[in-house]
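Colleague: This is the structure I have questions about; it appears just below.
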Amino acid sequence: MEMYGAGGLAELINSEVEIALFAMLAELPLSMITNTLAILLILIFFITSADSASFVLGSMTSNGDLEPKTWIKLVWGFLIAGAASVLLFSGGGGLNALQTASIIAALPFAIIMVLMIVSVLITLSKDWKIDRKLRRRKREDRVKGEFKEEFVDDFKEEIYNEMKDELYDDFKEKIHKEIKDEIVKEISKEDK
């Protein structure tokens, strides 16, 4: 089989996509080993996916239990296998019907997603407004604090200077009066 040109691998991919992987591997060396490995990997993928799906569904149906009972996982596993078997044996019609049903069922979820986007935008705008208010309040508090410090410093200095002048004047007057009184007393003692 040719890989390129009319009737090659490209034509096979367009017509029978299920066997395209094996046709490509047949053109490579050690095709028997690579085909076996491919089948093994595909089986591991499907088994792991089915196990994960049955575990999640079992957990959801047992009220969020992280270790659902084995029989619950088995029931979900058989239900998943049954649905896959019906789709497999019904041919392309069952799969097309499932695809159409999933597209139709996705429409309400698309509306819900649009509403979720709108709600996230509304919430973000509210958060932005709150953040702006908090920043403005911090700036105002900082400016008030700076103004208060300047005002208190200026006021302290002004009061200190006034009190110093008053105390100095009072002290000067008091000392002057005391000295005057002493001098007057001494003079009056000498005159006697």
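Colleague: Assess whether LEU134 counts as being open to solvent by 90 Å² or more (accessible area, probe 1.4 Å) and of a type outside the set (Lys, Arg).
Modeller: Details: open to solvent by 90 Å² or more (accessible area, probe 1.4 Å): no; of a type outside the set (Lys, Arg): yes.
It is false that LEU134 is open to solvent by 90 Å² or more (accessible area, probe 1.4 Å) and of a type outside the set (Lys, Arg).
Colleague: Now for a separate question. So which of LEU98, LEU115 ends up being closer than 25 Å to GLU16 by Cβ and open to solvent by 80 Å² or more (accessible area, probe 1.4 Å)? Steps first, answer last, please.
Modeller: On the way: LEU115 fails: closer than 25 Å to GLU16 by Cβ.
Going through LEU98, LEU115 in turn, just one is closer than 25 Å to GLU16 by Cβ and open to solvent by 80 Å² or more (accessible area, probe 1.4 Å): LEU98.
Colleague: A further question follows. Only one of these is at pLDDT below 90 and not in a helix (DSSP H, G or I): GLU11, GLU18, GLU2. Name it.
Modeller: On the way: GLU11 fails: not in a helix (DSSP H, G or I); GLU18 fails: not in a helix (DSSP H, G or I).
It is GLU2.
Colleague: I need the full set of residues from segment 44-78 which are of a type in the set (S, T, N, Q) and modelled with pLDDT of 90 or more, in order please.
Modeller: If we filter segment 44-78 for residues that are of a type in the set (S, T, N, Q), which is where we start, we get 48-49, 52, 54, 59, 61-63, 70.
Those that are of a type in the set (S, T, N, Q) and modelled with pLDDT of 90 or more: THR48, SER49, SER52, SER54, SER59, THR61, SER62, THR70.
Colleague: Of everything in segment 45-69 that's more than 19 Å from LEU88 (Cβ to Cβ) and open to solvent by 90 Å² or more (accessible area, probe 1.4 Å), which residue is farthest from the chain's Cα centre (by Cα)?
Modeller: Applying the first criterion (more than 19 Å from LEU88 (Cβ to Cβ)) to segment 45-69 yields 52, 55-69.
Filter again for open to solvent by 90 Å² or more (accessible area, probe 1.4 Å), leaving 60, 63, 66-67, 69.
Values: MET60: 25, ASN63: 27, LEU66: 25, GLU67: 28, LYS69: 34 Å.
Going through the qualifying residues, I end up with LYS69.
Colleague: Taking LEU107 as the residue in question, decide whether it is loosely packed, with under 10 Cβ neighbours inside 10 Å and assigned to a helix (DSSP H, G or I). Write out each step before concluding.
Modeller: On the way: loosely packed, with under 10 Cβ neighbours inside 10 Å: yes; assigned to a helix (DSSP H, G or I): yes.
In short, yes.
Colleague: Right, SER54: assigned to a helix (DSSP H, G or I) and under 30 Å from GLU16 (Cβ atoms) or not? Steps first, please.
Modeller: Numbers: assigned to a helix (DSSP H, G or I): yes; under 30 Å from GLU16 (Cβ atoms): no.
Criteria not met by SER54.
The values are calculated or read from the model by the stated rules, or taken from the named source; none is laboratory data. All figures in this text were calculated on a predicted structure; none of them were measured in a lab. We place every Cβ from the backbone using ideal geometry, glycine too, and count neighbours over all the protein chains shown. Areas reflect the complete protein model, heavy atoms only, side chains present, ligands, DNA and RNA absent. Shrake-Rupley method; radii C 1.70, N 1.55, O 1.52, S 1.80 Å.
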